[in-house]
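Shown next, in structure tokens, is the structure this report addresses.
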Number of protein chains: 4
Amino acid sequence: MIRFECDYTRGAHPRILARLVETNEEQSPGYGTDIYCMQAAEIIKNLCRQPEADVHFLVGGTLTNLTIISAILRPHEAVIAPTTGHISESETGAIEATGHKVITILPTEAGKITAEQIRAEVDIPENIHSPRPGMIFISQSTELGGVYTKTEMLAIKEVANEFGIPLFIDGARLGYALASEELSDVTLADIAEICDVFYIGGTKLGALFGEALVIVNDKLKRDFRYLMKQRGGLFAKGRLLGVQFEEFFKDGLYDEVSKYAVGLSMRVKQALNEAGIPLKYPATTNQLFFKLTDEQFAKLSEKYMLMPWVQSDGKVIARFCADWSTREEDIASFITDIGNL
Amino acid sequence: MIRFECDYTRGAHPRILARLVETNEEQSPGYGTDIYCMQAAEIIKNLCRQPEADVHFLVGGTLTNLTIISAILRPHEAVIAPTTGHISESETGAIEATGHKVITILPTEAGKITAEQIRAEVDIPENIHSPRPGMIFISQSTELGGVYTKTEMLAIKEVANEFGIPLFIDGARLGYALASEELSDVTLADIAEICDVFYIGGTKLGALFGEALVIVNDKLKRDFRYLMKQRGGLFAKGRLLGVQFEEFFKDGLYDEVSKYAVGLSMRVKQALNEAGIPLKYPATTNQLFFKLTDEQFAKLSEKYMLMPWVQSDGKVIARFCADWSTREEDIASFITDIGNL
Amino acid sequence: MIRFECDYTRGAHPRILARLVETNEEQSPGYGTDIYCMQAAEIIKNLCRQPEADVHFLVGGTLTNLTIISAILRPHEAVIAPTTGHISESETGAIEATGHKVITILPTEAGKITAEQIRAEVDIPENIHSPRPGMIFISQSTELGGVYTKTEMLAIKEVANEFGIPLFIDGARLGYALASEELSDVTLADIAEICDVFYIGGTKLGALFGEALVIVNDKLKRDFRYLMKQRGGLFAKGRLLGVQFEEFFKDGLYDEVSKYAVGLSMRVKQALNEAGIPLKYPATTNQLFFKLTDEQFAKLSEKYMLMPWVQSDGKVIARFCADWSTREEDIASFITDIGNL
Amino acid sequence: MIRFECDYTRGAHPRILARLVETNEEQSPGYGTDIYCMQAAEIIKNLCRQPEADVHFLVGGTLTNLTIISAILRPHEAVIAPTTGHISESETGAIEATGHKVITILPTEAGKITAEQIRAEVDIPENIHSPRPGMIFISQSTELGGVYTKTEMLAIKEVANEFGIPLFIDGARLGYALASEELSDVTLADIAEICDVFYIGGTKLGALFGEALVIVNDKLKRDFRYLMKQRGGLFAKGRLLGVQFEEFFKDGLYDEVSKYAVGLSMRVKQALNEAGIPLKYPATTNQLFFKLTDEQFAKLSEKYMLMPWVQSDGKVIARFCADWSTREEDIASFITDIGNL
């Protein structure tokens, strides 16, 4: 069985694994105070052109989201997110468990929401009977493979600024977004400039595990390491995270694996087009969502694991993911089998 | 600098690292539903002689503690713990952040509390103005290197049973406790029988990271994976945890590294005794706390990193830890230097 | 200015105020352990034909809602409620602040949701990535004046039972619901039998303040007074609540004031019909929502305070409430002025 | 049975009750936006000489404490309080339920803690593994009848200022403190100047119910009404609170009832002295704690309800409270019976 159902089926990129092995016997102080975390943070700050940013390394996406969101909001404040956002429907109420409502907006396309939709939630009369919107959450790329263009991000940022509400970008798949043709002119530095805080996903890009949170807005930095510890996200052997992110960013590995995966995904997209299999959402990253008949889904499922996302109009919406570890021969075989449907 | 200040300065035991490397390219389903997690759970259940137990793998101690404690307690219930317990003074109020008070008991010795002390907290008149004690937390071994004997554990369990309150054992250093001379006749199965839920620490014993939570009491099992996800402790690449714990327990590696580290620690203890350097607490595990003059501490600190725990009577209480990765030659050198003080 | 905008503009019903004055100088023990609370609880249990129920008195609706909901749910459980439910949009995220998501359902009519809609939320595959529905919240009558018929309530209860999820009825306006023609054959005992827990609103029915929570389901009773104290809802001078509810229920005052208010409201409804002013929702209780042109709204607002609920199609949806304290002459005048529009 | 066991056995002071009756039929807007709340707030601000303060009215002490404390603290911050403070031992973990640890200090005398003790908790090295002290809580007078002198309060304020931590005074019995001989030269304005936020207790001073929270420090004011609503403390018929506090403060009633109760208490104190019955704590307010033999306690308990606070050295520590409603003849009789012991 070849697994295409998600982007975290294998361990770590060989280069990252090699670095973990090489450094395994070194001794480091705990809790992210080691040299590797410092070096990784420096490299990331340079790439972001944010020398004053704070960079923290955490173990997973849910933990990163709940820690930064609850760190920023006061008890009566809520976070605005798409209905399909990770915090809205895939984290078992993790945000609510820290005391905050998630105000959801129905996405217009592929998990994306617009500046206008956000404005409609924040440009309202004072009303003490409802939580005050205190933060905006978007994912880049989205959980459905959508990509916010630079223009769209800037429009959201404008609303955020106008109402004094921080913008947080969940970058669990940030690399794949940056490798999209839609963001061909966008850099990590652009992302950092546009938002107040974001994280660079490692788990889905070839880290064994780990996410790098970048806090750009000075007002959001205070005491964040206390919060990391309190929520269980301060890793004792923090250097494992530093080692991985240093390897990712010291010479372009992160970009490289992102482009590799998106390239494979685009080849599959073309094969789907040629086979007349419709995409559910526009797709320019490592994720594809497409409509299969039950028969087609069953046929492909003999050799490939796809995620049956939802049923829609008597068809299965299937999710396919490529990632850093996807084999070219598996893609070739999959494309052939799509052609044979 | 040779680091003895804690037991998580290096990466993973070579055998564990090797297994991570060997399995790196395999594909697995996510969130702990893979074959490695299942196999590791089976082995642990067998060793615990608890075929009906639930075994879950989480990433760190704080996250494990806060998830299981908040899963069990109702909002008005509190957890009883030693003042020096990890949840009391080393987790930044993680338990309170989930809504629960920690009722602290001053340890009688080396971080240990007694059945009688616990009884005094629970055998009280109904009082709706105070949180109801709903759980007992102890660490085995304790944060100060103390070990509960089987008799002591059974006495605590008796109080727990009498008042219908679950007993939870934080086993961040469980291996080192079981390798102690005080528990020479105690097995994992005994631990499992005595308590309602406990965790087997991996991070400090030679896992790259990870803890195995064993829920023995049937009433505490329900929906725990929801809670893991909600608190951010459900690891996407869960198989990394399964791989490590399978390697730990399939043929005795966990015991072996535990005994190795305790053996080194006992050699240092003897050297301290011979040098007339007093121990702060009785010590039979991998941790030693001893009193040094400022001069002695400074002298040793030229070559070795020790943790200056507290100041006491004009002396430094220093912590020394051996672990799975400690080098015999470093211990030999340390013993020589202790003799030269 | 004559206020019709809500049902809590005046103090207490004269009989209730008189009893507070009469008993003012008596001494009672605190926290609801007095004779008045006991007597009131007995009367309510008798009327509910639930001799084993627990009756607790709390100070306000939001506090009652958040206390009982957080008492019942485990951390990963959510409460299902209409989008227009009080807990969904009028309590500033009070439920989320206790850690729980509110799963909202778009009402079909006048703030009501159906058994089928609820079934669609609970009859789902196990999914640990989403909160588990753990409770159903409906208001009787609803925030928009809707009334669940006995058949509708029984259908909801059937779903609740089938999935083992408690049904909670917010009865902030329960009296007005019971006085509705739609519930002409329904008694307090019916309500008690249909749900697991409900509260009988006092504040909006002529108590100075106070709500009576009736816990029918035995499994939900445990330690509730701890929770009341913890959330700040255990009233020191609890007897003030007992005195009021005893007066309400000892000889039918609660029914009487409810019918009085609904009667006045129905007279206004008829006047609106005659004037061709359309109702927004079917109305059989003390609340009316009707569509006015801006001109009409402005004209009526010269003498009467109505609540401008929302704008809709260029018209104002205005809320009118009658209550125990509404003056017949004010209604007469209002009816005249409606006729003159 | 004459009740002396607490200071909330009766309803409201006759003048306050009369005002509630007089205004009962008036119509007001809800949620504290009425004229009475505004007037009461103005009067209080004038008396406090804090024209810029925010004054909010809440229903009870626990609710006031948990709302203001959780409004001010960030998730990793803790509140420092005496071990015997109301939030420490009489509110069922209400503060922890909002996510915050209470750091307790053992009182030196009668429930009081010192500036030096507080300094020891806050003047510590940065330590992300422990909650950061973020607030100081003291009660004036304390739960054990202690009174902080002006000098003591100023010393505490100095520490608070030095470390940038707000000082909150729980004034559930503030009137009785101000009526104490120890604060003969202290006014409400002094209290307001010394702390960042405090509340003026009504419930124990002759209000039917209600507390007035005064937020002096501008930084702590933002969005507080949202928090009141969220925690269930925003009273629908808010004007009931305004009416009471206006009556309390418009011409000195609050002072008058405070002095009356303290006067009676001091007469009982003298009788105890004359009878050789030792006080447990220095007593200058409405509360007395004294040591009785079991026999003496039993004898007095035939006619009077005293609170058996704790057992100590084979004696009962009994609590006696006078309040606004205590009868002179009951005090006279009690004094006689003390003399007869």
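The values are calculated or read from the model by the stated rules, or taken from the named source; none is laboratory data. This structure is a prediction, so every number in the text was calculated from the model and none was measured. Don't worry about glycine lacking a Cβ; one is built from the backbone with ideal geometry, like all the others, and counts go over all protein chains shown. In case anyone asks, the SASA skips ligands and DNA or RNA and just uses the protein heavy atoms, side chains included. Shrake-Rupley method; radii C 1.70, N 1.55, O 1.52, S 1.80 Å.
Numbers below:
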quantity: Lone unmet requirement of (1) within 16 Å of B:L241 (Cβ to Cβ); (2) outside any loop (DSSP other than H, G, I, E, B) for B:P29; calculated: (2)
quantity: Any pair with Cβ under 6 angstrom, 6 or more apart, that starts in the range C:302-325 at a residue that is within 20 Å of C:K204 (Cβ to Cβ) and ends at one that is hydroxyl-bearing (S, T, Y) and open to solvent by less than 10 Å² (accessible area, probe 1.4 Å); calculated: C:A322/C:S265
quantity: Lone qualifier among A:I16, A:I95, A:I44 - being within 26 Å of B:M228 (Cβ to Cβ), in contact with a strand residue (DSSP E or B) (Cβ under 6 Å, 6 or more places away or on another chain) and at pLDDT 95 or above; calculated: A:I95
quantity: Filtered residues of the range B:141-156 (kept if open to solvent by less than 20 Å² (accessible area, probe 1.4 Å) and hydrophobic (A, V, I, L, M, F, W, C)); calculated: B:L144, B:V147, B:M153, B:I156
quantity: Residue in the range C:58-68 that is surrounded by fewer than 19 Cβ atoms within 10 Å (Cβ to Cβ) and farther than 30 Å from D:R15 by Cβ present; calculated: no
quantity: Strands (runs of 3 or more DSSP E) wholly inside the range C:270-341 containing at least 1 residues that are within 20 Å of the chain's Cα centre (by Cα) and among the polar types (S, T, N, Q); calculated: C:287-292
quantity: Cβ-Cβ under 9 Å pairs, at least 6 apart or on other chains, the range C:47-64 side at positive phi, far side assigned to a helix (DSSP H, G or I) and modelled with pLDDT of 95 or more; calculated: C:R49/C:L188; C:R49/C:A189; C:R49/C:A192; C:R49/C:E193
quantity: Subset of the range D:315-341 [open to solvent by 60 Å² or more (accessible area, probe 1.4 Å) and over 28 Å from D:G175 (Cα atoms)]; calculated: D:K315, D:N340, D:L341
quantity: Every residue from the range A:303-341 that is within 16 Å of A:A110 (Cα to Cα), of a type in the set (A, V, I, L, M, F, W, C) and at pLDDT 95 or above; calculated: A:I317, A:A318, A:F320, A:C321
quantity: Qualifying residue in the range D:168-180 (condition: surrounded by fewer than 24 Cβ atoms within 10 Å (Cβ to Cβ) and of a type in the set (V, I, T)); calculated: no
quantity: Scope the range B:81-135; condition open to solvent by 10 Å² or more (accessible area, probe 1.4 Å), more than 13 Å from chain D (Cβ to nearest Cβ) and assigned to a loop (DSSP other than H, G, I, E, B); matching residues; calculated: B:P107, B:T108, B:T114, B:D123
quantity: Output for the range C:253-279, where each listed residue is basic (K, R), open to solvent by 60 Å² or more (accessible area, probe 1.4 Å) and within 13 Å of C:I338 (Cβ to Cβ); calculated: C:R267
quantity: Residues of the range A:4-23 satisfying the condition of being open to solvent by less than 20 Å² (accessible area, probe 1.4 Å) and in a helix (DSSP H, G or I); calculated: A:I16, A:L17, A:L20
quantity: Residue identified as more than 10 Å from every other protein chain (Cβ to nearest Cβ) and open to solvent by 20 Å² or more (accessible area, probe 1.4 Å) among D:E26, D:E42; calculated: D:E42
quantity: Residues (within 19 Å of the chain's Cα centre (by Cα) and within 30 Å of B:I69 (Cα to Cα)) located in the range A:209-227; calculated: A:F209, A:G210, A:E211, A:A212, A:L213
quantity: Residue in the range A:70-77 that is assigned to a helix (DSSP H, G or I), away from chain B (no Cβ under 14 Å), within 28 Å of C:I69 (Cα to Cα) and open to solvent by 10 Å² or more (accessible area, probe 1.4 Å) present; calculated: yes
quantity: Where B:I215 falls short, out of the listed (1) open to solvent by less than 50 Å² (accessible area, probe 1.4 Å); (2) closer than 21 Å to A:Y8 by Cβ; calculated: (2)
quantity: Restricting the range A:224-252 to residues that are free of Cβ contacts under 8 Å to residues at least 60 places away in the same chain and more than 10 Å from chain B (Cβ to nearest Cβ), the residue that is least open to solvent (accessible area, probe 1.4 Å); calculated: A:G252
quantity: Long-range neighbours under 6 Å by Cβ, at least six apart or interchain, first residue free of Cβ contacts under 8 Å to residues at least 40 places away in the same chain within the range B:10-37, second of a type outside the set (V, I, T) and part of a helix (DSSP H, G or I); calculated: B:N24/A:L17
